[in-house]
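A.B. asks: One structure, as structure tokens, below. Some questions next.
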Amino acid sequence: METRQGTILLVEDNPDDVALALRAFKKAGIANEIRVVSDGEEALDYLFFQGAYAGWGENARPAIVLLDINLPKVGGIEVLKRLRGEARTRRLPIIMLTSSKEEQDLIDAYDHGVNSYVRKPVDFVQFAEAARQIGLYWLLLNEEPPTSALTARSGSL
Amino acid sequence: MKSGRPLFFLLALALVLSWGFGVSFHRAAREGASFAVFALDIFLGAATLAFLWREISRNSNQAELLNSIVTNIGDGVVAADASGKFTVFNPAARKIMGENKMSDYPDKWAENHGVYYPNRANFVKPEDLPMARALRGEATDGAEFFVKNDLNPEGIFISVTGRPLFDERGRLAGGVVVLTDITKRKLREARVEELNRDLEVLTQKLTQSNKELESFSYSVAHDLRAPLRAITGFGQFLLEDYAARLDDQGRDYIHRIHLGCQRMGQLIDELLALSNITRRELKNEKVDMGALASSIMGELKAAEPERSIEFLDPGNIEAVGDPGLLRIALQNLIGNAWKFTRKTKNARIEIGEEPVCLCGEKIFFVKDNGVGFDMKYSNRMFDPFQRFHSQADFPGEGLGLAIVSRVILRHGGRIWAKGEVGKGAAFYFTLGNGGHSHGNETGDHTAGRG
């Protein structure tokens, strides 16, 4: 699969799930670099280039974000809300990748402008298939928002 | 006093007439006028006197009537003149205000009679007393006080209405107040308030336990699945990366681990489904159970087209309830019938409604001619995790009928089963008021089995 360049940011606190996800993407033939942050606060630092990530350039911005809901420090829905509240991350493709299929989580995620919501399958074969389809769709089929638009009109909320 | 003016007028008239009568009499005697004139005069005078007498007695009857009303009326009536001196203080007012003598009016009035604000702590200030207000020309409507004195040692609540009184020239002439004992009403109100408070506490507790249930379900959904994913995932890695180093038995073990995880995943999903049935809000809509059953049968047939099962289109079966929940219930019941006729020749599944019974309750049924069950288990079969067949013969988690039962109970209905080993099973259920064509929401009755 010839996918676009760009990193995938995986926001996941469970090391088992990180290992599973990395293998699933590898198995699916997705060669994009996958960076992992393990809580909501770190995710925000990374995406806003602040804290430990201060000074990181716009080219470090991931092509897609895979966001868990149940996260330490700042929860996934709150991370999503804050990303959508900032002009520079408002159109960033964000995919919820979570165990939960609670109706309220789905409602909250879509209300706050998530692009996609995928439930982690228990079965690894299905997990790998989900990873393959996520990669196929979001890194190949889907047209990403223009990078200029990501930064333009900042503060015009 | 309304009667004052006509009385005065009548007295004046009588004086004029008797003066006329006297004059006529003297003139008649002096001038020797005819007896007829004299007689007419006499007659006129007598008629006047009779009229006068009637008017006076009528007035005094009215006064007596008024007096009698004020004395016997259940409400306390107190009237005072402009100086604050009481002119009326009826027995009911006495019963409320106690036997204490009026003194130092109005400064000590509240203390002498034990008149408090409704908080029962402070005496009513003299200027706030309805009579004092009336004597200032102000009206009072339904002011509530608490009274505790020699005649009412336990204390009573009263409602007071006061009005100023004016004379015919519009000058303030006094005041009148009406006192009503509202203790019973107040006690009822207090009881209602108390019940409301209890209800609030209960509601809070319920909300709290619902929240706990919700976070429990959330935890089941999220936290239990994560380790399961790890077990099955890393088991899969073992198979993929180390298959060559494992013998058949080792690979079989990993396969069993994998199957166990799959089952546990299903179990978690079904437990969640069960708890969702209790938590979700119940809709109340018209549902065609026949169409629902046909669509579920269609799905089952599409999944296993090789199976041939006789299924009669039940036509329109009207019910009122939650369409989503009723679909879940029928899915489980028909799914069971589908499952337990797997080894039956000429398998048949039937869905319908019994003729309406005398109670007017609709009874729906799902019947099959599958493996059936022993009736001695019939009371346990709606409890969670109850299974009556081996996993190898008929796989399942034992939650299907528990889910069905919970759906039926949420509708305020009942469910029961009849069966015989080898001959099939029949499940009957009602939907409470929802079973009637014009049923209303029955709420969350959980009577019967839990």
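A.B. asks: With point charges of +1 on the Cβ of Lys and Arg and -1 on the Cβ of Asp and Glu, referenced to the Cα centre of segment B:225-280, which listed residue (B:Phe237, B:Ser275, B:Gln262) lies farthest in the positive direction of the dipole?
C.D. replies: B:Ser275
A.B. asks: Lysine pairs in segment B:267-425 8 or more apart or on different chains: how many have alpha carbons under 24 angstrom apart?
C.D. replies: Within segment B:267-425, the lysine pair count is 25.
A.B. asks: List the residues of segment B:145-164 whose backbone N lies under 13 Å from a point placed 7 Å from the Cα of B:Glu138 along the Cα-to-Cβ direction.
C.D. replies: Output list for this probe position: B:162-164.
A.B. asks: Right, another one. Of all trypsin sites (Lys or Arg not before Pro) in segment B:287-341, which ones are in loop regions per DSSP and have a Cβ with at most 12 other Cβ atoms within 10 Å?
C.D. replies: Sites meeting the loop and neighbour criteria: B:Arg307.
A.B. asks: Ranking request for peptides A:52-59, B:85-92, B:124-131: highest mean number of other beta-carbon atoms within 10 Å first, then the rest in descending order.
C.D. replies: Per-residue Cβ counts within 10 Å, averaged per peptide and sorted highest first, yield B:124-131, B:85-92, A:52-59.
A.B. asks: Apply the Karplus curve 6.51 cos²θ - 1.76 cosθ + 1.60, θ = phi - 60°, to the phi angles in segment A:12-27 and return the couplings in whole Hz, x for Gly and Pro.
C.D. replies: Using θ = phi - 60°, the values come out as 8, 9, 8, x, 4, 5, 4, 4, 4, 5, 4, 5, 4, 5, 5, 4 Hz.
A.B. asks: Residues of segment B:375-404 with amide nitrogen under 17 Å from the 7 Å Cα-to-Cβ point of B:Lys418?
C.D. replies: In segment B:375-404, the label zone of B:Lys418 (backbone N under 17 Å from the point 7 Å along Cα→Cβ) covers B:375-379.
A.B. asks: Multiplying the sequence separation of B:Glu193 and B:Ala303 by 0.36 nm and subtracting their Cα-Cα distance, what value in nm do you get?
C.D. replies: That pair, B:Glu193 and B:Ala303, stretches by 33.7 nm at full extension.
A.B. asks: How much of the DSSP bridge set in the protein assembly as shown is antiparallel, in percent, rounded to the nearest 5?
C.D. replies: Values: 48 of 65 bridges.
The antiparallel fraction comes to roughly 75 percent.
A.B. asks: If the reach is capped at under 12 angstrom between alpha carbons, list the aspartates and glutamates near B:Lys95, excluding any in the same chain fewer than eight residues apart.
C.D. replies: B:Asp75, B:Asp150, B:Asp181
A.B. asks: Further question on the same structure: For the charge dipole of segment B:149-243, defined by +1 on Lys and Arg C-beta atoms and -1 on Asp and Glu C-beta atoms about the Cα centroid, which residue among B:Gly155, B:Ser215, B:Asn196 has the Cα displaced farthest towards the positive pole?
C.D. replies: My answer, from the dipole projection, is B:Gly155.
A.B. asks: Hey, another quick one. Extension gain A:Asn142-A:Ala60, at 0.36 nm per residue separation less the Cα-Cα distance, in nm?
C.D. replies: Contour length minus Cα-Cα distance gives 27.5 nm.
A.B. asks: Could you calculate the contour length gain from B:Glu240 to B:Arg58, that is, 0.36 nm times the residue separation minus the distance between their Cα atoms, to one decimal place in nm?
C.D. replies: Gain on stretching B:Glu240 to B:Arg58: 53.7 nm.
A.B. asks: Cross-link partners among lysines for A:Lys27, C-alpha distance below 19 Å, same-chain residues fewer than 8 apart left out?
C.D. replies: A:Lys120
A.B. asks: Would you mind working out the magnitude of the charge dipole of segment B:378-434 relative to its Cα centre, with +1 at each Lys and Arg C-beta and -1 at each Asp and Glu C-beta, to the nearest 20 Debye?
C.D. replies: Values: 7 positive and 4 negative charges, 44 e Å.
In debye, rounded to 20, segment B:378-434 gives about 220.
A.B. asks: Residues of A:123-132, mean number of Cβ from any other protein chain within 10 Å of their own Cβ, rounded to a whole number?
C.D. replies: Partner-chain Cβ atoms within 10 Å, mean over residues of A:123-132: 3.
A.B. asks: Please state the shape class of segment A:17-149: rounded when a/c is under 1.5, otherwise prolate if a/b exceeds b/c and oblate if not, all from the C-alpha gyration tensor. Mind dumping the intermediate values first?
C.D. replies: Values: a/c = 1.44, a/b = 1.22, b/c = 1.19.
Cα axes put segment A:17-149 in the rounded bin.
A.B. asks: Assign one of three labels to segment B:344-395, namely rounded, prolate or oblate, based on the Cα gyration tensor with a ≥ b ≥ c the square roots of its eigenvalues; rounded applies when a/c is under 1.5, prolate when it is not and a/b is larger than b/c, and oblate otherwise.
C.D. replies: It is oblate, given that a/c is not under 1.5 and a/b is not larger than b/c.
A.B. asks: Counting helices only, and only those DSSP H runs with n ≥ 4, report the 222 nm mean residue ellipticity of the protein assembly as shown as the sum of -39,500 (n - 2.57) divided by its residues, in deg cm²/dmol to the nearest 500.
C.D. replies: Using -39500 (n - 2.57) per qualifying helix, the result is -15000 deg cm²/dmol.
A.B. asks: Turning to a different aspect of this structure: Need the list of lysines near A:Lys73 for cross-linking: C-alpha distance under 20 angstrom, and skip anything on the same chain fewer than eight residues off.
C.D. replies: Candidates past the 8-residue exclusion: A:Lys81.
A.B. asks: Now for a different question. Between B:Asn119 and B:Tyr377, how high is the FRET efficiency from 1/(1 + (r/R0)^6) when r is the Cβ-Cβ distance and R₀ = 51 Å? Nearest 0.05.
C.D. replies: It comes to 0.20.
Read-outs: derived from the displayed coordinates by stated rules, not from any lab. Keep in mind that what you see is a predicted model, and the values were worked out from it rather than measured. All Cβ positions, glycine included, derive from the backbone under ideal geometry; neighbour counts span all protein chains shown.
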